[in-house]
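Reading through the structure tokens given below for one structure.
What follows is calculated from the coordinates using simple rules that are stated; it is not laboratory data. Remember, predicted model here, so these are calculated numbers, not experimental data. Virtual Cβ from ideal backbone geometry, glycine too; neighbours counted across all protein chains shown.
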2 protein chains.
Amino acid sequence: MTIENISVNKSFGGWNKQYTHHSEALNCKMRFAIYLPPQASNGQKVPVLYWLSGLTCTDENFMHKAGAQALAAELGIAIVAPDTSPRGEGVADDAGYDLGQGAGFYVNATQAPWNRHYQMYDYVVDELPKLIESMFPVSDKRSIAGHSMGGHGALVIAMRNAEAYQSVSAFSPISNPVNCPWGKKAFTAYLGRDTNAWQDYDASLLMRKASVFVPALVDQGEGDNFLGEQLKPEVLQAAAKVSGYPLTLNLHEGYDHSYFFISSFIEQHLRFHAAHLRD
Amino acid sequence: MTIENISVNKSFGGWNKQYTHHSEALNCKMRFAIYLPPQASNGQKVPVLYWLSGLTCTDENFMHKAGAQALAAELGIAIVAPDTSPRGEGVADDAGYDLGQGAGFYVNATQAPWNRHYQMYDYVVDELPKLIESMFPVSDKRSIAGHSMGGHGALVIAMRNAEAYQSVSAFSPISNPVNCPWGKKAFTAYLGRDTNAWQDYDASLLMRKASVFVPALVDQGEGDNFLGEQLKPEVLQAAAKVSGYPLTLNLHEGYDHSYFFISSFIEQHLRFHAAHLRD
């Protein structure tokens, strides 16, 4: 494993960095961002919050816009933000913003032409944490969070790997992708028309049948244009009731789907994760 | 005066908005952003911090990346961010990032072709505050701040209009533009070769001869690539010593010229302005 540092910015006493590396899982060059809080410069191994971004985003959006570093520095948490899909000239793409590059949906694609590179589930679950834990002064305590498509990814990954994550949180997640336009389009392309192959990538279906729990926090703006058609947090909440899943869902009047919403409540998410990463 | 609202995002209980309007001073359509804290929705008239951005920026960079809304909401301060130059197809431009659109330098241009639109000094000093104070629930208490080219603008505007501003602050300002490459290039183009016309746009020259004071705070990263050649805070500090100007200059090891630096210390700037806006 080799990684190449491509940017360094001091931030709240810690360091915001970007790296590129060759991903085995994705079969292409990938970029990720990491925020290392000041505690990591003092010989301390810090826990890691993985952040999965939404459609059209890269590793940069969260690090530039969420205002998370202030709290990560205070709480001593590293943040790792991968890109949202494989990228590059040889990587399959689509004209839509909601399929292909920038829209990997955190699944392992089984259908051509996507299956050659689009293995974001394996990348986020296995390859990236292994790389982070071998290259940086971090502990093996992990939490995971995300926004929209990334909220879907975070919930699915935490529920399918409950032993690997202390907590999970999401802003405005695509909560029931098998039953919304974004999810149906992406899953049909990446996983095929047989909807049986979709089930393990749907947060609501997973939550309904869960028996091992990861503490979960979801925040959703009531002024979000995508709420009714694409996000469906009420389906997630109903699923949590069935299984007794420890889900806290907060609705917020007037807030939309943007980083203005995320930044307004990121402090609560970081404090939630910090409490579980300390356990 | 008419203004058109083009975006609304709830943020920390307040509202982040963008507007367009026809500027008389600049003779073109302009866009600005305003953050209205929650107090402004409760019938309270809030004071205003004007933020002037740096080269290549628009009204959006500060609102998206500085993380200022959390504190503005807590302290009850509105923030107004104008664009950094006139814009549009009919507006003179240059191939360089440091002249023309995105690089207005907050001066009133006297030289063709720039003088037709580039009157950013008048826009920021007169037209914009008049518009803001007539259209929004704000008081007439103002402070001003900025970054790099905008730090230069904020210092110059505050010193030349000491009665109009309670306080001024800057991150990494171009402190002595008559004596650095960015300043010489822009002032030659906008103001002509006679350097006598440059004097009233140089923060260090103004500070050296000042007799009326606006409390001033400057933060500068020591890892800033532009520090030695373009920014020269030591010239500003020497000028403050001559006139006894109330300038606090803080140097920060390792920080660079980016918004990662600004976001790390924006809280201190907002608290500084809040203390003076309360007076």
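For the range A:115-141, which residues satisfy the criterion of being among the β-branched types (Val, Ile, Thr), out of contact with any Pro (no Cβ under 9 Å at 6 or more places or on another chain) and touching a residue at least 60 places away in the same chain (Cβ under 8 Å)? If you could, list the steps in order and put the result at the bottom.
Taking the range A:115-141 as the starting set, the residues that turn out to be among the β-branched types (Val, Ile, Thr) are A:124-125, A:132, A:138.
Retained after the next criterion (residues that are out of contact with any Pro (no Cβ under 9 Å at 6 or more places or on another chain)): A:125, A:132.
A:Ile132 - this is the single residue of the range A:115-141 that is among the β-branched types (Val, Ile, Thr), out of contact with any Pro (no Cβ under 9 Å at 6 or more places or on another chain) and touching a residue at least 60 places away in the same chain (Cβ under 8 Å).
Looking for something in contact with a helix residue (DSSP H, G or I) (Cβ under 7 Å, 6 or more places away or on another chain) and either of a type in the set (Asp, Glu) or within 20 Å of A:His257 (Cβ to Cβ) (or both) - is there at least one such residue anywhere in the range A:67-77?
Yes, the conditions are met somewhere in the range A:67-77.
Would you be able to tell me the number of residues in the range B:70-82 that are at the interface with chain A (Cβ under 10 Å from one of its Cβ atoms) and under 17 Å from the mean Cα position of the chain (by Cα)?
Quick first cut of the range B:70-82, residues at the interface with chain A (Cβ under 10 Å from one of its Cβ atoms) only: B:70, B:73.
Still in the list and also under 17 Å from the mean Cα position of the chain (by Cα): none.
Selection size over the range B:70-82: 0.
Of all residues being among the small types (Gly, Ala, Ser) and farther than 13 Å from A:Leu26 by Cα in the range A:101-134, which is surrounded by the fewest Cβ atoms within 10 Å (Cβ to Cβ)? Just the residue, please.
Going through the qualifying residues, I end up with A:Ala112.
Go through (1) surrounded by fewer than 23 Cβ atoms within 10 Å (Cβ to Cβ); (2) within 14 Å of another protein chain (Cβ to nearest Cβ); (3) not basic (Lys, Arg) one by one and return the number of the condition B:Ala275 breaks.
(2)
Find the strands (runs of 3 or more DSSP E) located wholly in the range B:1-56 whose residues include 3 or more that are within 14 Å of chain A (Cβ to nearest Cβ) and aliphatic (A, V, I, L, M), and list them. Even if it seems obvious, please write down each step before you answer.
Working: elements: B:3-11, B:14-23, B:28-36, B:46-52.
Those strands (runs of 3 or more DSSP E) span B:28-36.
Looking at A:Pro86, A:Pro137, which one is crowded, with 24+ Cβ neighbours inside 10 Å, more than 14 Å from chain B (Cβ to nearest Cβ), farther than 14 Å from A:Tyr50 by Cβ and out of contact with any Asp or Glu (no Cβ under 7 Å at 6 or more places or on another chain)?
That would be A:Pro86, the only listed residue that is crowded, with 24+ Cβ neighbours inside 10 Å, more than 14 Å from chain B (Cβ to nearest Cβ), farther than 14 Å from A:Tyr50 by Cβ and out of contact with any Asp or Glu (no Cβ under 7 Å at 6 or more places or on another chain).
From A:Ser204, A:Ser211, A:Ser172, which residue is polar (S, T, N, Q), surrounded by 22 or more Cβ atoms within 10 Å (Cβ to Cβ) and closer than 14 Å to A:Tyr245 by Cβ?
Answer to the selection: A:Ser204.
In the range B:253-263, which residue that is within 8 Å of chain A (Cβ to nearest Cβ) and more than 17 Å from A:Glu60 (Cα to Cα) is surrounded by the most Cβ atoms within 10 Å (Cβ to Cβ)?
If we take residues in the range B:253-263 being within 8 Å of chain A (Cβ to nearest Cβ) and more than 17 Å from A:Glu60 (Cα to Cα), then B:Tyr255 is surrounded by the most Cβ atoms within 10 Å (Cβ to Cβ).
Yes/no per residue for (1) more than 19 Å from the chain's Cα centre (by Cα); (2) closer than 23 Å to B:Val107 by Cα:
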| position | (1), (2) |
| --- | --- |
| B:Asn196 | yes, yes |
| B:Leu231 | no, yes |
| B:Val235 | yes, yes |
| B:Glu253 | yes, no |
| B:Phe260 | no, no |
| B:Leu270 | no, no |
| B:His273 | no, no |
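Give the residue, chosen from A:Leu55, A:Leu99, that is aliphatic (A, V, I, L, M), in contact with a Phe, Trp or Tyr (Cβ under 9 Å, 6 or more places away or on another chain) and over 22 Å from A:Ser169 (Cβ atoms).
A:Leu99
Quick one: which of B:Asp194, B:Asp219 is within 14 Å of chain A (Cβ to nearest Cβ) and more than 16 Å from B:Arg160 (Cα to Cα)?
Of the residues listed, the single one that is within 14 Å of chain A (Cβ to nearest Cβ) and more than 16 Å from B:Arg160 (Cα to Cα) is B:Asp219.
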